[in-house]
Amino acid sequence: MSEVTSLIADIREQILFLQELGVEALDVRLAEQSGDQRIKIEKAERVAAPVSSFEKALPPVPLEFPKRAAEAPKRGGSRISAMPSLKTRTPTMAAKSENMPKPTVVTLAEESILLNVAPTLAATADTIESIHAEIGDCTRCKLSKLGRTQVVHTTGNFQTDLMFVGEAPGADEDLHGFPFVGRAGRLLTDIITAMGFEREQVCIGNINRCRPPENRKPEPNETAACRPFLLREIAVIRPRVIVVLGATAAHNLLQISTPISKLRGNFQDYFGVKVMPTFHPAYLLRDPHKKKDVWEDMKKVRDYLVAK
Ligand code: URA
């Protein structure tokens, strides 16, 4: 980014922050003579529609994930260039092959003892398709009998560096078969766009793939039945960053119980993958003042991803 472009990006971020604080208009006067250069910011009559969505805080140029220097060969070439569109994906991605490869079992404990290094994601022979096929028309927990319409799989770009994980499908997701397609999902799309990425560049999943009745929190036996498939997907995708949306996602991925208000904004580790806990978009719909916290968290993620 050129200096000017990055200056504009900074200014836009500051403006978003001021808007979150309730400032509705800026009266900026730069004195004609260089002696008096004041920037006056005040509450003023609204001069334009208030900017409330993350989309309005778009950085001026789309950011691209930089290529990783030393890493395992990617499946299917560049993670960014050949991004499949969500629109062209089948709802379940369920491959029907009879000869699905079985996962290679390399335990993390073995890996770390042998190499005496911090544990990283195990190598796997899984594929996203084989995992989805194995899940099938799942009846492993009682959510299958409590009114779910369909299993809602992780979707998006499986070559991505950036993954988002939520709690469980809601009514819209249950109906359409894709994660985060309702109101909270539209806000998540705004957040991704404001980070300078497109929704099609990332992948999005949930701890649980079936809608809990009345959108209640999934119970521990339900998350225990479903979470292993997400963990296996993470081992296939090997993102650089996982953003966990809300307490259920954070607690289930990281196996901790620290309140989300304390966890958010600080990178955690999941077998070498950076994990950024932040508030769930549904919570932001209830309390829009928390958007600025999420924006701070997402800037950290974006900066980490675009850093050389
Ligand atoms: N909330 C979630 O946690 N996941 C979804 O897919 C939708 C809403």
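Extension gain for Asp287 to Lys142 (0.36 nm times residue separation, less C-alpha to C-alpha distance): 49.0 nm.
Remark: Leu121, Leu146, Leu162 ranked as Leu146, Leu121, Leu162, counting other beta-carbon atoms within 10 Å and listing the fewest first. With a Förster radius of 35 Å applied to the beta-carbon distance between Leu175 and Asn266, the computed FRET efficiency rounds to 0.50.
The alpha-carbon atoms of region 189-239 define a convex hull whose volume equals 102 cubic angstrom per residue. When the C-alpha to C-alpha distance is required to be over 32 Å, the pairs from Lys145/Lys300; Lys217/Lys274; Lys145/Lys290; Lys145/Lys274 that qualify are Lys145/Lys300; Lys145/Lys290; Lys145/Lys274.
Using 5 Å bins from zero, what percent of all Cα-Cα pairs in region 120-231 falls into each bin? Each 5 Å bin holds this share of Cα pairs: 2, 12, 22, 24, 18, 13, 7, 1, 0. Approximating the spin labels as points 7 Å out from Cα along Cα→Cβ, the Thr258-to-Asp303 distance works out to 1.9 nm.
Annotation: extensible slack from Arg183 through Val117 equals 19.5 nm (criterion: 0.36 nm per residue apart, minus Cα-Cα distance).
Of the trypsin sites (Lys or Arg not before Pro) found in region 200-246, the ones in coil according to DSSP and having at most 11 other Cβ atoms within 10 Å of their Cβ are Arg216. The overall shape of region 208-271 is oblate: from the C-alpha gyration tensor, with semi-axes ordered a ≥ b ≥ c, the ratio a/c is 1.5 or greater and a/b is no larger than b/c. Of the residues His280, His289, His251, the one with the fewest other Cβ atoms within 10 Å heads the list, and the complete ranking is His289, His251, His280.
Values quoted throughout were computed directly from the atomic coordinates according to the rules given, and no laboratory measurement underlies them. Small disclaimer: the values here were computed from a predicted structure and weren't measured. Every residue, glycine as well, gets a Cβ built from its backbone with ideal geometry; the counts of neighbours run over all protein chains shown.
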